[in-house]
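Below is one structure, written out as structure tokens, with a few remarks after it.
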Amino acid sequence: ALLDAGPKPLAGRTAIVTSGPTHEPIDPVRYIANRSSGRQGHAIAAALAKLGADVTLVSGPVTIPDPQGIRTIHVEQAEQMRDAVLSQLPSDIAVMVAAVADWRVTTSAGQKIKKTPGEAPAPLQLTENPDILRTVGHHEKRPTIVVGFAAETQDIEQNGRIKLEKKGADLIVANDVSPETGVMGGTRNRVKLITESGVEEWPELDKDEVAERLANWIAEHLNQGAV
Ligand code: CTP
Ligand code: CA
């Protein structure tokens with residue numbers, strides 16, 4: 001069908017993509033999470049598959065449908081996402097798009113926590129979650145191309161460069177997610193590509209177009225063997 005049309009520069013290649021948020025339970029009915037619709041990550045999984053890659057999408061809880069014809073592993077928490085990603089190594093490509101919750105509740109309650117009206121709630125004790133991108137970027141089975149995202153509200157280029165270095169990524173796709181940009185939850189995105197060799201700015205595009213361009217970028221760099 002449509003998916004089968006066009007050039008296949010990623011035929012024979014494998015890819016792992018994370019998408020969506022993670023939910024870290026407080027108790028059976030409450031959680032902490034980052035905002036994420038999963039639109040950009042799901043679009044990237046589809047775009048890589050369209051170029052012929054064998055894609056595994058690891059998705060947190062989202063309301064959008066699984067991309068057609070793509071193996072999708074559903075997870076809820078960061079640790080589950082990490083385990084699912086590592087289970088797919090080795091892989092040629094990793095694109096970590098998920099908005100992973102940075103912390104989880106240290107000990108989530110087995111029963112619903114009841115409020116006592118007029119009384120301050122017990123503070124939540126938090127533990128840092130594993131950094132999946134950083135783990136993959138420094139892994140002994142590190143994929144040839146490792147891509148991360150950087151959702152920022154200020155100093156986008158500088159924060160992006162720091163993430164490129166710390167996480168061992170080949171490329172950081174940085175975007176401004178300030179509320180006034182409307183990027184969060186929307187269908188469009190404006191990104192900057194940050195690599196060792198500099199910054200490339202893309203115009204505002206549909207998330208599908210960002211995904212297509214990014215898949216092409218990955219195919220070019222993978223097939224020339226270096227970033
Ligand atoms: N990421 C990840 N695992 C985490 C946190 C982030 O894999 N526990 C990945 C995201 O999928 C993204 C990149 O790291 O590709 C950057 O995420 P971001 O939240 O922007 O960066 P952090 O390192 O978490 O730093 P901060 O939230 O403090 O800006
Ligand atoms: Ca974060």
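We did not get these values from a lab; they are worked out from the coordinates using the rules stated. All figures in this text were calculated on a predicted structure; none of them were measured in a lab. Using ideal geometry, Cβ is built from the backbone for each residue, glycine included, and neighbour counts are taken over all protein chains shown.
General remarks:
- Selection among ALA122, VAL183, ASN216 by position relative to the dipole of the stretch 83-227 gives ALA122 as farthest towards the positive end (Cβ unit charges, Cα centre).
- Remark: relative contact order (the stretch 1-52) = 49 percent; criterion is Cα-Cα distance under 8 angstrom and separation of 6 or more residues.
- For the chain, with +1 on Lys and Arg beta carbons and -1 on Asp and Glu, the positive-most of GLY110, SER59, ALA169 along the dipole: GLY110
- By the compact-protein rule of thumb, 2.2 N^0.38 Å, the alpha-carbon radius of gyration of the chain corresponds to a ratio of 1.04.
- Rounded to the nearest 20 debye, dipole of the stretch 1-84 from Cβ charges on Lys, Arg, Asp, Glu: 340
- Given R0 = 30 Å, the distance between the Cβ atoms of ARG30 and LYS8 translates into a calculated FRET efficiency of 0.10.
- When each of LYS50/LYS141; LYS167/LYS207; LYS167/LYS192; LYS141/LYS163; LYS50/LYS207 is checked by Cα-Cα distance, pairs over 22 Å: LYS50/LYS141; LYS167/LYS207
- Relative contact order for the stretch 42-150: 27 percent, from Cα pairs under 8 Å spaced at least 6 residues apart, divided by residue count.
- Inverting the pair-averaged 1/r between distinct Cα atoms of the stretch 125-171 gives 11.6 Å as its Kirkwood hydrodynamic radius.
- The packing ranking, built from the mean of other Cβ atoms within 10 Å per residue, places the peptides 62-72, 162-172 in the order 162-172, 62-72, highest first.
- Kirkwood hydrodynamic radius over Cα pairs of the stretch 45-121, then Stokes diffusion coefficient at 25 °C and 0.890 mPa s, in µm²/s: 161
- Over the stretch 159-225, relative contact order from alpha-carbon pairs under 8 Å, at least 6 apart, %: 23
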